[in-house]
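K.L.:
Structure provided below as structure tokens; questions to follow.
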Amino acid sequence: MPPALGSTLLLTLLLAIGLVFFLRAASKDRTTVVDVRTSRPPLEVLPALSDWLQQRGWQAQETDPDRRLLRFRGRVAASPVLAALLSLLGAVGAGCLGLVLRQLLPQLGWWPLGLVALGPLAGLIYRRRAERAESVELRLISHDGATGSALRLRAHRDELIALELELGPQLGLFSDGDLLKSPI
């Protein structure tokens with residue numbers, strides 16, 4: 001085997017491994033818990049949070065006054081653009097592997113290029129793993145007329161970022177700010 005072909009095979013296999021890890025990362029559960037404080041009373045903050053979540057398509061599932069808990073359910077859809085991109089990347093990667101196999105084993109003919117047909121499988125795997133039911137939990141930790149309210153929010157990271165950006169200034173919400181600083 002010529003050295004150039006060996007390195008091309010290695011790079012093609014690394015491309016396939018990268019695609020697998022990208023698929024795993026794209027459909028990973030990113031549920032996060034954040035403690036949020038506000039100077040406003042809970043009777044003002046909780047209805048505003050509840051209305052905002054319902055406007056975004058979340059449905060109230062459970063209200064437990066004893067545990068001071070509100071739970072909302074929703075269905076998270078996979079991104080069609082990302083599914084198409086992953087299918088394209090899978091097809092290109094499988095085509096590259098087919099070309100390398102064709103060069104390594106010429107007696108196989110052109111059938112290794114049929115691996116391109118496996119490309120849409122990457123998009124299907126992503127769609128299956130990314131579409132799932134999610135929940136948002138709001139738990140009142142403490143409330144005091146002098147210091148305000150403390151809430152513990154448990155939700156998908158992107159939902160918490162949207163909440164902090166959209167409702168933070170309006171309701172005077174503040175947390176440690178790690179969600180907005182993190183590059184991921």
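The values are calculated or read from the model by the stated rules, or taken from the named source; none is laboratory data. This is a predicted model, so every value here is computed, not measured. Cβ coordinates were reconstructed from backbone atoms using ideal geometry, including for glycine residues, and neighbour counts include every protein chain displayed. Please note that ligands, DNA and RNA were not included when accessible areas were found on the heavy atoms of the full protein model with its side chains. Shrake-Rupley method; radii C 1.70, N 1.55, O 1.52, S 1.80 Å.
K.L.:
Just for segment 135-149: of the residues that are at pLDDT 85 or above and either assigned to a helix (DSSP H, G or I) or of a type outside the set (Val, Ile, Thr) (or both), which one is most open to solvent (accessible area, probe 1.4 Å)?
P.N.:
So, considering only residues that are at pLDDT 85 or above and either assigned to a helix (DSSP H, G or I) or of a type outside the set (Val, Ile, Thr) (or both), the one most open to solvent (accessible area, probe 1.4 Å) is 139.
K.L.:
In this structure, does residue 29 turn out to be farther than 18 Å from residue 134 by Cβ, at pLDDT below 90 and acidic (Asp, Glu)?
P.N.:
Spelling it out, it is not the case that residue 29 is farther than 18 Å from residue 134 by Cβ, at pLDDT below 90 and acidic (Asp, Glu).
K.L.:
Name the single residue that is farthest from residue 148 (Cα to Cα) among those in segment 20-43 being part of a helix (DSSP H, G or I) and open to solvent by 40 Å² or more (accessible area, probe 1.4 Å).
P.N.:
My answer is 20.
K.L.:
Residue by residue through segment 102-115, note down the ones that are surrounded by fewer than 18 Cβ atoms within 10 Å (Cβ to Cβ) and touching a residue at least 12 places away in the same chain (Cβ under 8 Å).
P.N.:
Residues satisfying the conditions are 103, 104, 113, 114.
K.L.:
Quick check: is even one residue across segment 120-134 at pLDDT below 90, among the charged types (D, E, K, R), within 30 Å of residue 80 (Cβ to Cβ) and crowded, with 18+ Cβ neighbours inside 10 Å?
P.N.:
no
K.L.:
Looking at (1) open to solvent by less than 50 Å² (accessible area, probe 1.4 Å); (2) not in a helix (DSSP H, G or I); (3) not β-branched (Val, Ile, Thr), which is the one condition that is false for residue 152?
P.N.:
With (1) open to solvent by less than 50 Å² (accessible area, probe 1.4 Å); (2) not in a helix (DSSP H, G or I); (3) not β-branched (Val, Ile, Thr) applied to residue 152, the lone miss is (1).
K.L.:
Determine whether residue 78 is in a loop (DSSP other than H, G, I, E, B) and open to solvent by less than 50 Å² (accessible area, probe 1.4 Å).
P.N.:
For residue 78, the condition - in a loop (DSSP other than H, G, I, E, B) and open to solvent by less than 50 Å² (accessible area, probe 1.4 Å) - is met.
K.L.:
In the set 12, 31, 8, which member is in contact (Cβ under 8 Å) with a residue 40 or more places away in the chain and closer than 16 Å to residue 161 by Cα?
P.N.:
Answer to the check: 31.
K.L.:
For segment 44-58, give me each residue that is in contact with a strand residue (DSSP E or B) (Cβ under 9 Å, 6 or more places away or on another chain), open to solvent by 80 Å² or more (accessible area, probe 1.4 Å) and assigned to a helix (DSSP H, G or I).
P.N.:
Across segment 44-58, the qualifying residues are 44, 54.
K.L.:
Looking for something farther than 30 Å from residue 4 by Cα and in a helix (DSSP H, G or I) - is there at least one such residue anywhere in segment 105-121?
P.N.:
Scanning segment 105-121, I find no residue that is farther than 30 Å from residue 4 by Cα and in a helix (DSSP H, G or I), so the answer is no.
K.L.:
Let me ask something else. Give just the number: which of (1) among the charged types (D, E, K, R); (2) loosely packed, with under 12 Cβ neighbours inside 10 Å; (3) over 28 Å from residue 128 (Cα atoms); (4) modelled with pLDDT of 85 or more does residue 68 not satisfy?
P.N.:
The number of the failed condition is (2).
K.L.:
Could you check segment 59-75 and list, in sequence order, the residues that are free of Cβ contacts under 8 Å to residues at least 12 places away in the same chain and in a strand (DSSP E or B)?
P.N.:
Within segment 59-75, 62, 63, 64 meet the criteria.
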